[in-house]
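For reference, the structure is listed below as structure tokens.
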Amino acid sequence: MGPKKSGAKKKRMMSIELKREIIEKYERGVRVVDLSRQYDRRTSTICTILKQKDAIKGATLSKGTTVLPELWTSIHEAMEKLLLLWVKEMELVGDTITEAIICEKARTIFSDLKERAPGTLALSEESFKASHGWFDNFKKKMNIHTVVMHGEASSADVKAANEYVTRFAALFANEGYVPQQVFNCDETGLFWKKMPRRTYLTAEEKKLLGYKPMKDRLTLALCANPSGDCKIKPLLVYHSENPRAFKSHKILKEKLQVMWRANAKAWVTRQFFTEWVNLVFGPAVKEFLQGKKPSTESLTDSG
């Protein structure tokens, strides 16, 4: 028994030269039906080519490209540049971005650009679909290595978090706490040398002689209460105990507006956090609440 034949037809790509040839014959008077028969294509395919004739005529091929799977114009190029900038902005603020999110954003940007330039693009509404193939090419072109959830974002339990909000609100009300008595602390990474404009260099940064990516980072532990009238001195962890700038400018770490600590990876360790709680957080909160004692007591009694 011979091998089974696949039921699905393999998609046949058309070179831009072939599309131009079809357009030229149509403009000379050849009917769509005859062109469909001559080139063994569906009439709908021929009609799509004819609708895009202005863009096809004006399209140019990159060196070594013989097939144009979808028309690429200046609006597509502008969309990808804006999309890259948006991706980098999301990275800087720590937002999670996946393939689906990026593709949806790409379609939105493309639609906005088309609306701003009416009549300049002879493309159908489905000329840009942000397919998986386009996404793979976009990653390679822009040198984007990973677009996956990572760190705390990927391990977050949304259901448990929502349940905790309800439980905490009940505890807050039952115990008679006021906003001045509740504090929230969290840590965040700061790439203090990484500027947004650098995003246009990411695709070439490995090729530039003597160029090193600006990935110098530090970690901050920030803490404040919901009322916003008590902000605790942050804990800052850097990879250097005594940076060169401190020595040259004779800066005393004890006089900084942060509690300075250092380790090789600039991470907040248990030891650093415990020191911060005992030396900074505890005394600061005690002093603050003692100064607010009459008002907090009255608020608690009224609740």
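The values are calculated or read from the model by the stated rules, or taken from the named source; none is laboratory data. Just so we're clear, the structure is a prediction, and the values are computed from it rather than from any experiment. Each accessible area value is taken on the protein alone, full model and side chains, heavy atoms only, with ligands, DNA and RNA left out. Shrake-Rupley method; radii C 1.70, N 1.55, O 1.52, S 1.80 Å.
Points worth noting:
- Segment L190-T45, length gained on full extension (0.36 nm per residue, minus Cα span): 47.0 nm
- Gain upon complete extension [T166, K140; 0.36 nm per residue less C-alpha separation]: 4.9 nm
- Rounded to the nearest Hz, the phi-derived 3J(HN,Hα) couplings of the range 30-36 under the Karplus curve 6.51 cos²θ - 1.76 cosθ + 1.60 (θ = phi - 60°) are 6, 6, 4, 4, 5, 5, 4, where x marks glycine and proline.
- When a 1.4 Å probe is rolled over the protein heavy atoms, the share of accessible surface on the range 16-59 that falls to carbon and sulfur comes to 46 percent.
- Anisotropy class of the range 217-277 from Cα gyration tensor, a/c 1.5 cut: oblate
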